Amino acid sequence: MTQALRCIAFVSPLGGTGQTTVVANMASLWSAVGVPCMAVDLCAQNSLGLHLGQTHPAPDGWAQRVEQGQWWAESALENSAQVRFLPFGSPTLQSAPQNLQHDPHWLSTQLQACAWDDNSLVLLDTPQWPQALATQALRCADLVVVCLDTTPRAPLLQTQVQRLLDQARPSAGLALLATRFNPRRDAQRLALQTLQQQWPQLLAPYVLHDDESVPAALAAAHCVSAHAPQAQSAHDLNGIARWLLARCPTSPQGEA
């Protein structure tokens with residue numbers, strides 16, 4: 001990475017963990033305190049913008065630009081809160097660029113070619129690992145954040161999560177987030193306890209509760225902290241933002 005860029009990859013071996021919610025809220029919260037951010041949607045679901053003011057998925061995104069041989073960052077957007085994001089879009093192929101199969105450093109090359117503000121944070125919202133873009137994101141990130149929901153399936157994936165973490169470059173910071181927590185459910189309390197035992201050094205001290213403000217904020221095309229600042233989930237996300245920012249390297253670690 002260049003000296004101006006720090007990259008955070010949000011990844012998961014599971015779908016439906018609320019990862020995109022986390023990415024959008026981190027970008028919003030960090031931008032609000034003056035940290036230059038760009039959130040990049042690497043998922044074909046193209047839903048990141050729905051958390052950042054869009055009422056419909058952006059039809060134009062980076063994937064179309066790549067298909068057409070154009071510069072991928074020309075489709076970047078900025079919402080009313082000055083949060084910048086790069087939508088995936090709705091490409092003809094509905095998939096990652098085909099040349100990913102031939103160039104394992106495609107994502108790193110694209111990120112390095114962008115003009116970034118000093119000390120920028122680039123947040124990568126990745127597809128479910130081990131898809132190609134998720135693996136490439138792991139290899140160019142300064143901080144890897146694994147999102148796991150607090151359901152009985154998550155503790156069963158300890159070996160798979162470790163393999164995921166092993167794909168990160170040696171210099172990268174590592175963190176885990178427990179998401180979608182409902183304390184009224186015995187199975188979820190047990191799952192959270194097991195995750196805390198499995199990952200005592202990596203698991204964030206803040207758990208993202210699955211309260212009604214999360215879907216309500218999405219329906220309003222807002223981030224949770226803006227839509228319901230007094231909600232438990234807003235408190236959780238603010239804590240996660242502070243915790244992750246403290247774990248993020250103050251400068252890029254360089255290529256592996």
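Please treat every number below as a calculation from the coordinates, not as lab data. Note that the structure is a prediction, hence the values are computed from the model and not measured. Virtual Cβ from ideal backbone geometry, glycine too; neighbours counted across all protein chains shown.
With angles folded into 0 to 90 degrees, how steeply does helix 19-32 sit against the dominant principal axis of the chain? Use alpha carbons for both and round to 10.
80 degrees
Treat every Asp and Glu Cβ in region 171-223 as -1 and every Lys and Arg Cβ as +1, leave all other atoms uncharged, and give the resulting dipole magnitude about the Cα centre to the nearest 20 debye.
120 debye
Find me the longest stretch of the chain that has none of the exposed trypsin sites (Lys or Arg not before Pro), where exposed means in a DSSP loop (not H, G, I, E or B) with at most 15 other Cβ atoms within 10 Å.
1-152
Let me understand the chain better: what is its radius of gyration from the alpha carbons, and its Dmax, in angstrom?
When restricted to Cα atoms, the chain yields Rg and Dmax of 17.1, 52 Å.
Rounded, prolate or oblate: which fits region 119-197 when a ≥ b ≥ c are the square roots of the eigenvalues of the alpha-carbon gyration tensor, with rounded for a/c under 1.5 and prolate only if a/b beats b/c?
prolate
Which of the three applies to region 109-256, rounded, prolate or oblate, going by the alpha-carbon gyration tensor with a ≥ b ≥ c and a/c under 1.5 meaning rounded?
Oblate, because a/c is 1.5 or more while a/b does not exceed b/c.
What stretch of the chain, leaving out the sites themselves, is the longest with no GluC sites (Glu not before Pro) in a DSSP loop having at most 16 other Cβ atoms within 10 Å?
For GluC sites (Glu not before Pro) (loop position, at most 16 other Cβ atoms within 10 Å), the longest site-free span of the chain is 1-211.
Under 1.5 on a/c is rounded, so check that first for region 163-228, then, if it is not, pick prolate when a/b is larger than b/c and oblate when it is not; a ≥ b ≥ c are the square roots of the alpha carbon gyration tensor eigenvalues.
Oblate, because a/c is 1.5 or more while a/b does not exceed b/c.
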